[in-house]
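**Student:** Here it is: the structure, laid out below.
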Amino acid sequence: MLKVNEIFYSIQGESSYAGYPCVFVRLTGCNLRCTYCDTKYAYEKGTNMTIGKILDTVSRYECPLVEITGGEPLLQEETPQLAKALLEKGFQVLVETNGTQNIDLLKDNVVRIVDIKTPSSGESDKTDWKNLDRIYKDDEIKFVLVNFSDYEWAKGIVRRYNLTQKVTVLFSPASGVNLDPAELAQWILDDRLNVRLQLQFHKILWPDKD
């Protein structure tokens, strides 16, 4: 049994899977309170669902790509079981996590998208840095940036851990802030940084939706 905030079908807006149709399973609960959070509605509200019921709901959309997200999905003990059950049904499974929980709870071909919180989030001190030693080549590391200080901080982490040699690294301007994506792009180019600029497709397509 998991507490589920919502299950919905949309275009994947982030990661290297951006642009693909995807079913999202948003689990309830988060241990962080980031300054720019756009999913506060998932902090507490949700409905208890069995893994079987979740599989039935996801299957109705006839979509091969599924993302388990939150909140923070790894706060719920049954999340690895859900990921495994989805894989056994033939789905490609992404799990987006905030980087504070041990990602080795997820294995067996799950793509783990780890959001490393920058200083402007107000939560960077909660990061489990051991996760950067646990990543596989198919995983992805994401940095959500508010300003140039965040960019410099993230650039330092990328270089210190040699991340671009291990996984896809994503740099994204935070939603609702005044960081110009073109300016972020120029910083990346000026520093010859081999990261992927990420814009939130779903925010571009449906700007009035949460």
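The values are calculated or read from the model by the stated rules, or taken from the named source; none is laboratory data. None of the values given here were measured: they were computed from a predicted structure. Neighbour counts run over all protein chains shown; Cβ positions are idealised from the backbone, glycine included. Just the protein is used for accessible areas: all its heavy atoms, side chains included, with ligands, DNA and RNA removed. Shrake-Rupley method; radii C 1.70, N 1.55, O 1.52, S 1.80 Å.
**Student:** For the chain, give the percent of accessible area contributed by carbon and sulfur heavy atoms, probe 1.4 Å, rounded to a whole number.
**Tutor:** Numbers: 4820 of 10280 Å².
Carbon with sulfur: 47 percent of the solvent-accessible area.
**Student:** While we're on this one: If you take the square roots of the eigenvalues of the alpha-carbon gyration tensor of the range 85-189 and sort them as a ≥ b ≥ c, do you get rounded (a/c under 1.5), prolate (a/b over b/c) or oblate? Don't skip to the end; give the middle numbers.
**Tutor:** Values: a/c = 1.91, a/b = 1.75, b/c = 1.09.
Taking the square roots of the gyration eigenvalues as a ≥ b ≥ c, the range 85-189 is prolate.
**Student:** Restricting to DSSP H runs of at least four residues, report the calculated mean residue ellipticity at 222 nm for the chain, -39500 (n - 2.57) per run over all residues, nearest 500 deg cm²/dmol. Write out the running numbers ahead of the final one.
**Tutor:** Details: 6 runs with 51 residues, N = 210.
Rounded to the nearest 500, it is -6500 deg cm²/dmol.
**Student:** A further question follows. Could you give log10 I(q)/I(0) at q = 0.15 Å⁻¹ for the range 1-80, computed by the Debye formula over C-alpha point scatterers of equal weight, without solvent?
**Tutor:** Values, matching the q order: -0.52.
**Student:** How about the range 96-163: which GluC sites (Glu not before Pro) there are in a DSSP loop, with at most 12 other Cβ atoms within 10 Å of their Cβ?
**Tutor:** On the way: sites: Glu96, Glu123, Glu140, Glu152; in loops: Glu123.
Loop-located and lightly packed - none at all.
**Student:** If you take the beta carbon distance between Ser149 and Met1 as r and set R0 to 41 Å, what does 1/(1 + (r/R0)^6) give as a FRET efficiency, to the nearest 0.05?
**Tutor:** Values: r = 42 Å, r/R0 = 1.03.
With a Förster radius of 41 Å, E is 0.45.
**Student:** Find the accessible area per residue for the range 85-210; the probe is 1.4 Å, ligands and nucleic acids are left out, and the unit is Å². Write out the running numbers ahead of the final one.
**Tutor:** Values: 6430 Å² over 126 residues.
For the range 85-210, the solvent-accessible area averages 51 Å² per residue.
**Student:** Does the range 30-138 classify as rounded, prolate or oblate by the C-alpha gyration tensor (a ≥ b ≥ c root eigenvalues; a/c under 1.5 gives rounded; else a/b over b/c gives prolate, otherwise oblate)?
**Tutor:** On the way: a/c = 2.17, a/b = 1.39, b/c = 1.56.
Oblate is the answer for the range 30-138, as a/c is 1.5 or above yet b/c matches or exceeds a/b.
**Student:** Sticking with this one: Between Thr164 and Thr57, what is the label-point separation in nm under the 7 Å Cα-to-beta-carbon projection?
**Tutor:** Distance between the two pseudo-spin positions: 4.0 nm.
**Student:** When the chain is fully extended, how far beyond the present Cα-Cα distance does Lys137 get from Lys89, taking 0.36 nm per residue of separation?
**Tutor:** Working: separation 48, 0.36 × 48 = 17.28 nm, distance 2.33 nm.
Roughly 15.0 nm would be gained on extension.
**Student:** Filter the GluC sites (Glu not before Pro) in the range 1-85 to those in DSSP coil with at most 10 other Cβ atoms within 10 Å of their Cβ, and list the result. Before the final figure, lay out the partial values.
**Tutor:** Numbers: sites: Glu6, Glu14, Glu44, Glu62, Glu67, Glu77, Glu78; in loops: Glu14, Glu44, Glu62, Glu77, Glu78.
Taking the range 1-85 and a limit of 10 other Cβ atoms within 10 Å, the loop GluC sites (Glu not before Pro) found are Glu62, Glu77.
**Student:** Right, here's the next one. Please report the antiparallel percentage of the DSSP beta bridges confined to the chain, to the nearest 5. Please report the intermediate quantities before stating the final value.
**Tutor:** Working: 10 of 34 bridges.
Just about 30 percent of them are antiparallel.
**Student:** While we're looking at this one, here's another question. Consider just the alpha-carbon atoms of the chain and return their Rg together with their Dmax, both in angstrom.
**Tutor:** My reading of the Cα-based Rg and Dmax gives 16.5, 50 Å.
**Student:** Where does helix 181-190 land angle-wise versus the long Cα axis of the chain, in degrees 0 to 90, nearest 10?
**Tutor:** 60
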